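Down below is the structure, laid out as structure tokens.
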Amino acid sequence: PCTGQQALLSRLLADPAGSAQPAHDGPLQLLPLTSRGNERIGAMLIHDSAAASGDARRAQALARVSHLAAIAIERLRDRQQLAHSEQHFRSLYDANPDAIFFLDHAGRLRDMNDSACALMGWERARDAGRNSEDLLPVPFADWVLSQIAQGGDCQPARFDQTVYIAPRRCMLHLDVSAFPVHSGSALHGVFCLAKDVTAQRNAIDELHLYR
């Protein structure tokens, strides 16, 4: 950088708090970039040959440019943080030993992890997008659809019952927790986390038999 740039950058590094105000050195202007929460997120160095003219309208235009640049940077940072959170969530979702699946607001199966496929006998290519009535045991389907029918008033709930899993031709005792996903006041869908507690339930029943 030239001498003017070095002077302005040195000021920025030496006194971050003071960088909240624009600074200039001849045609070079240092414009602070601040977030919506008034946090300094950077600075923009502009070469403006008319900087010394004192044109208020030009100064306002440059301030507007720095404001838009700050918005763009903040949105980019938000998207990066969201992408990181989504990646973290996806890792937990895919690697979870418990069955997790998502039903949309119409009761259609939209996503499932490998554990859900193994527990329920589903196949992604075949079953994604199908209605829950076609995939879930009757009492389970009725229960989850009753939760979805509550719309924006849907709250976390729990289902605990023995059901027949048709694709696997077996009876399982499922402990299912449903977690609604809201978009504003509307229900976007429901995440279901299902655990196979058949062995534990059978052990409890056997204990009761021998008492």
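The values are calculated or read from the model by the stated rules, or taken from the named source; none is laboratory data. Fair warning: this is a prediction, and the values are worked out from it, not measured in the lab. Quick reminder, even Gly has a Cβ in these numbers, built from the backbone with ideal geometry, and neighbours come from all protein chains shown. Quick note on the areas: whole protein, heavy atoms, side chains included, nothing else; ligands and nucleic acids left out. Shrake-Rupley method; radii C 1.70, N 1.55, O 1.52, S 1.80 Å.
A few notes on this one:
- Residue selection: V138 satisfies the criterion of being open to solvent by 90 Å² or more (accessible area, probe 1.4 Å) and aliphatic (A, V, I, L, M).
- Test: residue in the stretch 137-155 that is modelled with pLDDT under 90 and acidic (D, E): no
- Search result, residues across the stretch 154-181 that are out of contact with any Ser or Thr (no Cβ under 9 Å at 6 or more places or on another chain) and closer than 13 Å to V138 by Cβ: Q161, V163, Y164, I165, A166
- Every pair of residues 6+ apart whose Cβ atoms lie under 7 Å, when the first sits in the stretch 175-194 and is of a type in the set (D, E) while the second is in a loop (DSSP other than H, G, I, E, B): D175/V197
- Taking the stretch 132-183 as the range and being over 16 Å from A106 (Cβ atoms), of a type in the set (S, T, N, Q) and within 22 Å of the chain's Cα centre (by Cα) as the test, the residues that pass are Q155, S177.
- One residue stands out in the stretch 112-135 among those that are outside any helix (DSSP H, G or I) and open to solvent by less than 40 Å² (accessible area, probe 1.4 Å): the one that is farthest from D175 (Cα to Cα), namely G129.
- Of the listed requirements (1) under 25 Å from A186 (Cβ atoms); (2) open to solvent by 20 Å² or more (accessible area, probe 1.4 Å); (3) in contact with an Asp or Glu (Cβ under 8 Å, 6 or more places away or on another chain), D94 misses just one: (1).
- In this structure, I100 does satisfy being part of a strand (DSSP E or B) and at pLDDT 75 or above.
- The set of residues in the stretch 149-169 being in contact with a Phe, Trp or Tyr (Cβ under 9 Å, 6 or more places away or on another chain) and either surrounded by fewer than 11 Cβ atoms within 10 Å (Cβ to Cβ) or in contact (Cβ under 8 Å) with a residue 24 or more places away in the chain (or both) consists of P156, V163, P167.
- Scanning the stretch 34-57 for residues that are open to solvent by 40 Å² or more (accessible area, probe 1.4 Å), modelled with pLDDT of 70 or more and either among the hydroxyl-bearing types (S, T, Y) or over 21 Å from A72 (Cα atoms) (or both) returns T34, A56, R57.
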